1. By the scheme Lys and Arg +1, Asp and Glu -1, what is the net charge of all other residues having a beta-carbon under 15 Å from that of residue A:23?
2. Among A:21, A:101, A:55, whose Cα lies farthest out toward the positive end of the dipole of chain A, if unit charges sit on the beta carbon of Lys, Arg (+1) and Asp, Glu (-1)?
3. Can you list residues from other chains, or at least 5 along the same chain, whose modelled amide H is less than 5 Å from the amide H of residue B:224?
4. Considering every pair of different Cα atoms, what Kirkwood radius, in Å, is found for chain B?
5. For the protein assembly as shown, would you read off the P(r) tail past 30 Å as a percentage of all alpha carbon pairs?
6. If the only charges are +1 at each Lys and Arg Cβ and -1 at each Asp and Glu Cβ, what is the size of the charge dipole of region B:233-385 around the Cα centre, to the nearest 20 debye?
7. Out of B:97, B:215, B:61, whose Cα points farthest toward the positive end of the dipole of the protein assembly as shown (charges: +1 Lys, Arg; -1 Asp, Glu; placed on Cβ)?
8. Taking springs between alpha-carbon atoms closer than 10 angstrom, which of B:333, B:77, B:146 fluctuates most in the Gaussian network model of chain B?
Amino acid sequence: MTKKRVVLTFPKDLVSSPIIYHLVKDYDLVTNILRAQIMPDEEGKVVLELDGDKSNIEKGLKFLKKQSIHTELLGQDIKIYDDKCINCGACTSVCLSEALSLNKKTFELEFDRSKCILCGLCLNTCPVKAIEITF
Amino acid sequence: MNRTYAEINEKIKKGKAVVLTAEEVVELARTKGVKKVAEEVDVVTTATFGPMCSSGVILNFGHSDPPIKLQKVWLNNVPAYGGVAAVDVYLGATELSEISGLKYGGAHVIEDLIRGEDIKLKSISEGTDCYPRKEINTSINLKSINQAIMINPRNAYQNYAVAVNTSDSTIYTYMGTLLPRMGNANYCNAGQLSPLIKDPLYRTIGIGTRIFFCGTVGYVAWEGTQHNPSAERDPRTKIPYSPAGTLCLIGDLKKMSTNYLRAASFYGYGTTLYIGVGVPIPVLDEQIAEAVCVSDKDIYATIFDYSVQKRSRPKLGRVSYEQLRSGEIEIKNKTVKTASLSSYAKANNICKELKNWIKSRKFYIQEPIQQLPLDQTFKPLAETR
């Protein structure tokens, strides 16, 4: 079993097709939509986490390409600057996926990258601008 | 066992004083009891590191040639107040840049000064016989100016609110981002580490008290603005349930460190300054020993609904700091995630640093020259016609 995070760009004419349904049904993949922006008659973007058998993930990605959906591995990442962070914890209560938390003993900030869904809510919440999203 | 200030300072001088941080004393009381603390401990170091809007610096630049009376003044495009003598100005933490808006303000200029950076000074003036010059554009830095006195009208609040938002949309406040339908709850106090929580009736913290102030030595100058000792108190611990006493603090910005002072910008609200304050509490008697041993589970804060844009916000209950620090609380049968705006970790570091200062005989305990008032209230502004 393996996990991959990809950014899918849907052409206009495909935004109403049930693409993710096929990933689940035909390739036995667990899909988790981290972010999606799909408007009728506009190009759509979905940030998707795929969880499943390695070969199935590859087959699924091939299927997406065949549908002329542009796919690329997610390169975005959250970066926390330790020298700026004051360990207040303001970011933790807006972090709905609980990737950011304060250590219960030291009360210092901890970041669990695997839980982060890159929603970006923490960026503006940080009073000292210690969190950035990188591309 | 009773002790005097002189006895405690003598022990410090001889390197024999028993100094514990607020966290350590809570732990000692839990395992050995308050009596043991009263018998053995001389000083407890308390601290807080949080956003304190009512902060700023008095700067004196010296005179240019020909001289100017600085009337309208900008530092890195942030307006400063020049309505005092010719080259004295006051720069407040929440004043905003006329160019960068909410992102850069007086707080950032203060932090940049400590970092040793050059700051653009611009001023215009009427021009008088003694101060003929009408305009100046130059740069200054912390070394080039005469004084940089930090004087903060209101710091180290004795307790603070827990903020939630019951409306249907996100609001951006000085208590941080508050998510709709009580999506989160923000609080802002160091709880069991906090100076005025550990000396609830201001027995040892008063005018003249020597403190740790953003990495250097500072003093309590006066009661802080909005000082409100009459707030409702827990009958057992005497700790107020909501914001109460405050301190006006003074110190030398030239000796401060960015480890303990940090500019901040709250999204949709503006700028403020994180201030690190440490206060030693001498354990003079058993009553003080009892007060310094109170732990987060016996310190309560009141939950307020910040979506109501009124002077008196509705109260939604009371929670202990132990509950707040656990990461979630219950409000009206709903589990709500909590976060602090003040930093417990930083406050704890300040407690340790101040303890080191005392242990290494760099810092002695100053008895207050005058007590803080215990009998006044915080009046609202009545609008007259």
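FYI, it's all coordinate maths here, none of it is from the lab. What you see is a predicted model, and the numbers here were worked out from it, not measured in a lab. Note: ideal-geometry Cβ built from the backbone for every residue, glycine included; neighbour counts use all protein chains shown.
1. Charge balance in the 15 Å sphere: +3.
2. The listed residue farthest towards the positive side: A:55.
3. HN-HN under 5 Å from residue B:224: B:246, B:247, B:248.
4. 22.0 Å is the Kirkwood radius here.
5. 56 percent
6. On the way: 24 positive and 15 negative charges, 108 e Å.
The calculation lands at about 520 debye.
7. Result: B:215.
8. Taking springs between Cα atoms under 10 Å, the residue moving most is B:333.
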